[in-house]
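Step one of this worksheet: look at the structure below.
Every number here is computed from the coordinates shown, using simple stated rules; none is lab data. Every value quoted in this text rests on a predicted model; they were computed, and no experiment measured them. Cβ placement follows ideal geometry from the backbone for every residue including glycine, while neighbour counts extend to all protein chains displayed.
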Amino acid sequence: MFKFDYRAEGEYGIKGRRYFWKYPGNHKYHIHIFEQDNTNIVRHLAFKEYLIKNKKRAKEYKNLKKLLAEKYRYNIEKYMQGKDSLIKNIEKEALFWFKKQ
């Protein structure tokens, strides 16, 4: 049996998702797993692909995450709340862009 050292968090706020993470040093890795045809798959893929194509928005998102990580180092709830508005705005743009592809 292989040991990957990921921590299972269940749905972790998104119905039908299985969320896993590990923190082996200075970077946190996470995996989202959905059943086939789950509507969240497109939303997550669109967001990722949009940030790959849109360097300006990716930098904005990265900078906000860095700022929030420093400010709320020990408060994950505040960190997540701080990202929420930007994520929702980028997600709308990403879904519009993704559907045109």
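A few comments on the model shown:
- Taking each residue as 0.36 nm, the span from residue 83 to residue 67 lengthens on full extension beyond its C-alpha to C-alpha distance by 4.7 nm.
- The chain: C-alpha gyration tensor shape, a/c 1.5 cut-off, then a/b vs b/c: oblate
- For segment 39-101: relative contact order, % (alpha-carbon pairs under 8 angstrom, 6 or more apart): 48
- Residue-count net charge about residue 32 - beta-carbon cut-off 11 Å; Lys, Arg +1, Asp, Glu -1: +2
- Ignoring the sites themselves, the chain has its longest run without trypsin sites (Lys or Arg not before Pro) in a DSSP loop having at most 11 other Cβ atoms within 10 Å at 29-72.
- Residue pairs, from the table 28/56; 15/71; 22/71; 22/100, whose Cα atoms sit over 27 Å apart: 15/71; 22/100
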